[in-house]
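Q: Supplied in structure tokens, the structure appears directly below.
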Amino acid sequence: MDIKKVDEFKYIVEANRLMRGGGLFLVSEGKDGKPNAMTIGWGFLGTIWSRHVFVVAVRLSRHTHKLLEASDSFTVCLPGKGMKEWLEFCGTKSGRDVNKFKELGMTAVKGVDVEAPYIEECPVHIECEIVYRNEMKPGQLQKAIEDEVYPTKDMHVIYYGTVKGVYAVEDADEKLA
């Protein structure tokens with residue numbers, strides 16, 4: 001599928017809408033070369049350190065955390081229409097137990113600007129190089145939020161990825177979920 005590089009903030013509204021309404025795919029790959037996709041509903045695209053970054057949160061217990069710790073990049077893929085089942089599958093199954101790409105028939109393609117792959121069937125993807133990791137610790141977050149979100153203390157690691165490129169298919173606007 002032909003893709004073209006677009007403005008880094010072109011799909012910020014769509015990314016936020018999708019996170020609120022079903023999620024995005026966070027794609028990573030470990031040293032074994034096996035891609036993994038995880039559904040995310042939290043994250044943001046913005047500017048910090050005079051750079052455009054996509055910030056994602058991954059719990060310490062997740063398989064994706066292990067992959068990101070062994071990597072220097074990730075991609076965020078915006079789902080197309082008809083991918084709701086893929087989002088549900090990737091949000092409920094672990095890459096430790098199942099090859100999500102194989103099970104769903106997704107195509108992993110090496111990123112243009114990063115080593116991490118993206119999902120070819122997604123109309124838009126954001127390629128990010130990890131520039132900072134911040135492991136959350138119990139007792140540092142406002143108590144009400146920590147009690148609500150982390151009752152078992154399974155905290156997140158926050159990954160900051162400098163946006164190296166945003167790519168879209170020609171008719172991406174019509175294909176987005």
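The values are calculated or read from the model by the stated rules, or taken from the named source; none is laboratory data. Keep in mind it's a predicted model, so treat the numbers as computed, not measured. Cβ: placed from backbone, ideal geometry, glycine included. Neighbour counts: every protein chain shown.
Q: Pick out, from region 1-65, the strands (runs of 3 or more DSSP E) lying fully within it that include 2 or more residues that are modelled with pLDDT of 95 or more and out of contact with any helix residue (DSSP H, G or I) (no Cβ under 8 Å at 6 or more places or on another chain).
A: 4-6, 43-48, 51-59
Q: Here are some residues: Asp72, Asp7. Which one is over 10 Å from the mean Cα position of the chain (by Cα), surrounded by fewer than 18 Cβ atoms within 10 Å (Cβ to Cβ) and over 15 Å from Ala172 (Cβ atoms)?
A: Exactly one of Asp72, Asp7 is over 10 Å from the mean Cα position of the chain (by Cα), surrounded by fewer than 18 Cβ atoms within 10 Å (Cβ to Cβ) and over 15 Å from Ala172 (Cβ atoms), namely Asp72.
Each row is one residue, and each column tells you yes or no for (1) within 30 Å of Lys153 (Cα to Cα); (2) touching a Gly at 6+ places or on another chain (Cβ under 7 Å); (3) surrounded by fewer than 14 Cβ atoms within 10 Å (Cβ to Cβ).
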residue	(1), (2), (3)
Gly33	no, no, yes
Gly41	yes, yes, no
Leu45	yes, no, no
Phe54	yes, yes, no
Leu68	yes, no, no
Leu78	yes, no, no
Gly82	no, no, yes
Cys90	yes, no, no
Gly111	no, no, no
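Q: With (1) of a type in the set (Asp, Glu); (2) in contact with an Asp or Glu (Cβ under 9 Å, 6 or more places away or on another chain); (3) surrounded by 14 or more Cβ atoms within 10 Å (Cβ to Cβ) as the list, and Asp2 as the residue in question, which single condition is left unmet?
A: Unmet for Asp2, out of (1) of a type in the set (Asp, Glu); (2) in contact with an Asp or Glu (Cβ under 9 Å, 6 or more places away or on another chain); (3) surrounded by 14 or more Cβ atoms within 10 Å (Cβ to Cβ): (3).
Q: Right, next: Which of (1) within 16 Å of Ala108 (Cβ to Cβ); (2) free of Cβ contacts under 8 Å to residues at least 60 places away in the same chain does Ser73 not meet, given it meets every other one?
A: Of the numbered conditions (1) within 16 Å of Ala108 (Cβ to Cβ); (2) free of Cβ contacts under 8 Å to residues at least 60 places away in the same chain, the odd one out for Ser73 is (2).
Q: Scan region 143-159 for residues that are hydroxyl-bearing (Ser, Thr, Tyr) and either crowded, with 19+ Cβ neighbours inside 10 Å or more than 25 Å from Glu69 (Cβ to Cβ) (or both) and jot them down.
A: Within region 143-159, just Tyr159 meets the criteria.
Q: What pairs can you find where one residue is in region 96-113 and within 17 Å of Asp2 (Cβ to Cβ) and free of Cβ contacts under 8 Å to residues at least 60 places away in the same chain, the other is in a loop (DSSP other than H, G, I, E, B) and acidic (Asp, Glu), and their Cβ atoms are less than 8 Å apart, with a gap of 6+ or different chains?
A: Listed by first residue and then by second, the contacts come to Thr107/Glu120; Thr107/Glu121; Val109/Glu120.
Q: Criterion first (in contact with a strand residue (DSSP E or B) (Cβ under 9 Å, 6 or more places away or on another chain) and either in contact (Cβ under 8 Å) with a residue 60 or more places away in the chain or of a type in the set (A, V, I, L, M, F, W, C) (or both)) does Leu141 satisfy it?
A: no
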